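Just so it is clear, none of the values below were taken in a lab; they were calculated from the coordinates. Keep in mind it's a predicted model, so treat the numbers as computed, not measured. Cβ sites come from the backbone with ideal geometry, for glycine too, and all protein chains shown count toward neighbours.
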Amino acid sequence: MSSDKLHQVYEIFIRTTPEQLWQAITDAAFTRRFFFGTSVSSTLQPGAPIVYSFPDGTTAVEGTIIEAEPPHKLVHTWQIRYNPAAAGETSRVTWLIDQRGPSCKLRAIHELDGAPHTASSVGNDGWTVILSSLKTLLETGESLEVAPAQPVS
């Protein structure tokens with residue numbers, strides 16, 4: 001990887017099956033419970049749109065499906081719509097699911113080359129909260145409640 005590449009890589013183990021994890025990241029009934037209230041929508045076919053919508057129907061994030069291999073790999077572009085500074089940037093998200101006995105290793109890779117505003121936006125607890133909430137939901141059936149970070153004095 002060259003020094004001009006920016007990738008945020010998150011890895012987490014979740015006690016679940018690949019099929020349940022796949023459903024959680026691709027089904028609006030699940031995403032609204034762990035993905036900041038957004039509902040995902042897509043046919044998951046290469047070239048199809050993928051949209052994460054806020055409860056009021058406005059678009060939070062949109063992109064295009066690049067690759068979908070249920071229940072192990074999903075790759076799509078990522079364009080933030082909730083932050084005007086990042087709205088013109090396109091990045092790429094890869095979800096990799098690897099079964100490890102009764103658990104799965106989930107790798108979420110966000111390729112942020114040329115997307116500095118997006119990197120700043122998703123790096124401030126964004127993916128960490130999403131993946132922690134996903135783990136909690138799948139393992140306990142309950143959504144994770146997280147208060148906003150307090151400024152350090």
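Key figures
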{"item": "Fewest-first ranking of Tyr10, Tyr52, using other Cβ atoms within 10 Å as the exposure measure", "result": "Tyr10, Tyr52"}
{"item": "Rel. contact order, % - alpha carbon contacts under 8 angstrom, at least six apart, region 28-73", "result": "27 percent"}
{"item": "Burial ordering of Phe34, Phe13, Phe54, fewest other beta-carbon atoms within 10 Å first", "result": "Phe13, Phe54, Phe34"}
{"item": "Tyr82/Leu44 FRET efficiency (R0 22 Å; Cβ-Cβ; nearest 0.05)", "result": "0.45"}
{"item": "Mean ellipticity per residue at 222 nm, deg cm²/dmol - from DSSP H runs of n ≥ 4 across the chain, formula -39500 (n - 2.57)", "result": "-7500 deg cm²/dmol"}
{"item": "The chain, relative contact order in percent, only Cα pairs under 8 angstrom and at least six apart counted", "result": "25 percent"}
{"item": "Residue order, fewest to most surrounding Cβ atoms within 10 angstrom, among Asp125, Asp56", "result": "Asp56, Asp125"}
{"item": "Relative contact order of region 1-67, defined on C-alpha pairs under 8 angstrom at six or more residues apart (%)", "result": "18 percent"}
{"item": "Pair Phe54, His72: separation of 7 Å Cα→Cβ label points (nm)", "result": "3.8 nm"}
